[in-house]
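Trainee: Let me give you the structure first, and then I'll get to my questions.
The values are calculated or read from the model by the stated rules, or taken from the named source; none is laboratory data. The model shown is predicted, which means the values in this text are computed figures rather than measured ones. Using ideal geometry, Cβ is built from the backbone for each residue, glycine included, and neighbour counts are taken over all protein chains shown. Heads up: the accessible areas ignore ligands, DNA and RNA and are worked out on the full protein's heavy atoms, side chains in. Shrake-Rupley method; radii C 1.70, N 1.55, O 1.52, S 1.80 Å.
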Protein chains: 2
Amino acid sequence: MRVDAQRNRDRLVAAATAVIAEQGPAASLNEIAQQAGVGAGTLYRHFPTRESLLLEVFTSRIETLCVRARELAQIRPPGDALAAWLEAFLQHCLTDRGLAETVMKAPSGSDPDCATKLRTAGGRLVARAREAGTVRADVEVEDILQLAIGIALAADSPARAERLLSVALVGLRT
Amino acid sequence: MRVDAQRNRDRLVAAATAVIAEQGPAASLNEIAQQAGVGAGTLYRHFPTRESLLLEVFTSRIETLCVRARELAQIRPPGDALAAWLEAFLQHCLTDRGLAETVMKAPSGSDPDCATKLRTAGGRLVARAREAGTVRADVEVEDILQLAIGIALAADSPARAERLLSVALVGLRT
DNA sequence: CAACAAGCGGAGAATCTCTCCGGATGTTAC
DNA sequence: GTAACATCCGGAGAGATTCTCCGCTTGTTG
């Protein structure tokens with residue numbers, strides 16, 4: 001990749017991060033391009049869809065969560081680790097409005113595919129908890145993630161989101 | 001209200017119902033107005049926001065659910081009635097893409113305020129179940145509705161949605 | 001049936017997404 | 001260094017959409 005292309009890409013992600021933090025994930029792509037000092041065409045060349053841009057913006061969050069999953073797996077028993085990780089995931093979703101939606105709608109075939117990484121990281125925790133007999137065996141990995149995403153999407157306050165997650169966790173236990 | 005105004009309103013709702021069934025809840029309002037044989041201004045006079053139109057479109061669904069809540073309250077024990085009603089709610093959300101979102105975002109102050117009716121109807125079932133000691137006492141009415149809405153929003157298939165609801169119901173029991 | 005109020009329509013302003021291609025700018029081979 | 005090439009850029013503009021505004025039409029009422 002040419003250096004100017006890389007620089008523009010970086011600028012776009014930085015501008016998108018700022019604008020989205022301010023206006024939410026439905027912010028104008030035009031404005032993002034302008035803020036980045038770049039033409040609209042450049043934006044669309046680097047990020048063909050809005051989702052691909054959002055995914056890039058949320059990359060650092062997602063990777064933080066992946067790391068957290070590994071940490072928790074080491075310092076906590078399976079059941080606790082899963083619960084703590086879901087809570088962290090929820091926290092991030094509530095902070096960055098749009099993260100949950102982005103992860104939900106993410107296509108599974110894109111290249112950096114952060115959403116898939118997140119699923120894998122969470123999946124390990126779930127698998128471990130299931131082997132340890134802490135969570136129901138008839139529940140798939142994807143179930144648990146979707147439940148967390150749904151809670152993040154529908155809850156109208158952080159307090160409620162946490163309560164709903166705790167309810168869901170009770171339901172997940174054996 | 002003048003009779004022509006009423007007629008136009010009816011036409012708009014009919015057209016919106018058809019177009020939304022075909023294109024989803026993000027359908028063009030222009031097209032809905034055109035389909036109704038009415039100017040765009042007329043649409044916006046009757047329904048200032050997209051949400052208000054969607055709410056009207058989903059009115060019959062919502063009222064069906066309110067009726068169902070009353071029926072279930074009579075023929076089933078409290079816990080079962082609530083579970084069955086939530087399942088019915090989920091069914092409707094999965095059928096009419098956009099119902100869940102509409103109910104979620106509905107302003108609580110509008111006049112026919114179907115969303116509030118739905119909350120009241122569901123609320124009675126929840127209250128009854130709580131009095132009977134079937135559901136946890138520390139869970140509010142709104143919690144349960146938001147949980148169901150979240151599941152409807154995030155689930156990627158009807159089968160998964162039902163499984164998630166069953167998990168949630170376990171968590172809600174005392 | 002006149003006078004008034006209520007409602008209508010659709011042109012148009014403002015905004016947004018997304019495309020296209022002439023021209024500018026890195027990169028590479030010599 | 002520089003010529004030749006591939007890559008990338010910019011932003012005008014097409015097309016779509018939301019929403020407003022106001023002159024004109026149509027019901028309603030006494």
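Trainee: Between a residue in segment B:88-108 that is open to solvent by 70 Å² or more (accessible area, probe 1.4 Å) and any residue that is of a type in the set (A, V, I, L, M, F, W, C) and modelled with pLDDT of 90 or more, which pairs come within a Cβ distance under 7 Å, given they are 6 or more apart or on different chains?
Mentor: That search, which allows pairs on different chains as well, returns B:101/B:153.
Trainee: Kindly evaluate residue B:22 against the criterion of being within 18 Å of the chain's Cα centre (by Cα) and either open to solvent by 50 Å² or more (accessible area, probe 1.4 Å) or near DNA strand D (Cβ under 9 Å from one of its atoms) (or both).
Mentor: no
Trainee: I've got another one for you. On the basis of being farther than 30 Å from residue B:132 by Cα and more than 15 Å from DNA strand C (Cβ to nearest atom), does residue B:116 make the cut?
Mentor: no
Trainee: In segment B:37-51, how many residues are outside any helix (DSSP H, G or I), at negative phi and either near DNA strand C (Cβ under 8 Å from one of its atoms) or open to solvent by 60 Å² or more (accessible area, probe 1.4 Å) (or both)?
Mentor: Residues in segment B:37-51 being outside any helix (DSSP H, G or I), at negative phi and either near DNA strand C (Cβ under 8 Å from one of its atoms) or open to solvent by 60 Å² or more (accessible area, probe 1.4 Å) (or both): 4 in total.
Trainee: Can you name the number of the only condition in (1) open to solvent by 30 Å² or more (accessible area, probe 1.4 Å); (2) in a helix (DSSP H, G or I); (3) within 15 Å of DNA strand D (Cβ to nearest atom); (4) closer than 24 Å to residue B:161 by Cα that residue B:54 fails?
Mentor: (1)
Trainee: Mind listing whichever residues of segment B:146-160 are touching a residue at least 24 places away in the same chain (Cβ under 8 Å) and more than 9 Å from chain A (Cβ to nearest Cβ)?
Mentor: B:158, the sole residue that qualifies.
Trainee: To continue, here is another question. Does residue B:33 satisfy the condition of being in contact with a Gly (Cβ under 8 Å, 6 or more places away or on another chain), within 30 Å of residue B:171 (Cα to Cα) and in contact (Cβ under 8 Å) with a residue 12 or more places away in the chain?
Mentor: Spelling it out, it is not the case that residue B:33 is in contact with a Gly (Cβ under 8 Å, 6 or more places away or on another chain), within 30 Å of residue B:171 (Cα to Cα) and in contact (Cβ under 8 Å) with a residue 12 or more places away in the chain.
Trainee: Identify all residues within segment B:137-169 that are surrounded by 16 or more Cβ atoms within 10 Å (Cβ to Cβ), in a loop (DSSP other than H, G, I, E, B) and charged (D, E, K, R); write none if there are none.
Mentor: none
Trainee: Here's something else I'd like to know. Mind listing whichever residues of segment A:1-13 are more than 9 Å from DNA strand C (Cβ to nearest atom), out of contact with any Ser or Thr (no Cβ under 7 Å at 6 or more places or on another chain) and open to solvent by less than 60 Å² (accessible area, probe 1.4 Å)?
Mentor: A:9, A:12, A:13
Trainee: Hey, can you tell me all the residues within segment B:70-85 that are closer than 17 Å to residue B:116 by Cα and surrounded by fewer than 23 Cβ atoms within 10 Å (Cβ to Cβ)?
Mentor: If we filter segment B:70-85 for residues that are closer than 17 Å to residue B:116 by Cα, which is where we start, we get B:70, B:85.
Across segment B:70-85, the qualifying residue is only B:70.
Trainee: Same structure again: Could you check how many residues of segment B:136-145 are closer than 23 Å to residue B:95 by Cα and within 7 Å of chain A (Cβ to nearest Cβ)?
Mentor: Residues meeting the conditions: 1.
Trainee: Can you find even one residue in segment A:121-132 that is more than 8 Å from every other protein chain (Cβ to nearest Cβ), touching a Gly at 6+ places or on another chain (Cβ under 9 Å) and surrounded by fewer than 15 Cβ atoms within 10 Å (Cβ to Cβ)?
Mentor: There is at least one residue in segment A:121-132 that is more than 8 Å from every other protein chain (Cβ to nearest Cβ), touching a Gly at 6+ places or on another chain (Cβ under 9 Å) and surrounded by fewer than 15 Cβ atoms within 10 Å (Cβ to Cβ).
Trainee: A further question on this structure: Just wondering, is there one or more residues in segment A:27-49 that are away from DNA strand D (no atom under 15 Å from the Cβ) and either closer than 30 Å to residue A:129 by Cα or within 14 Å of chain B (Cβ to nearest Cβ) (or both)?
Mentor: no
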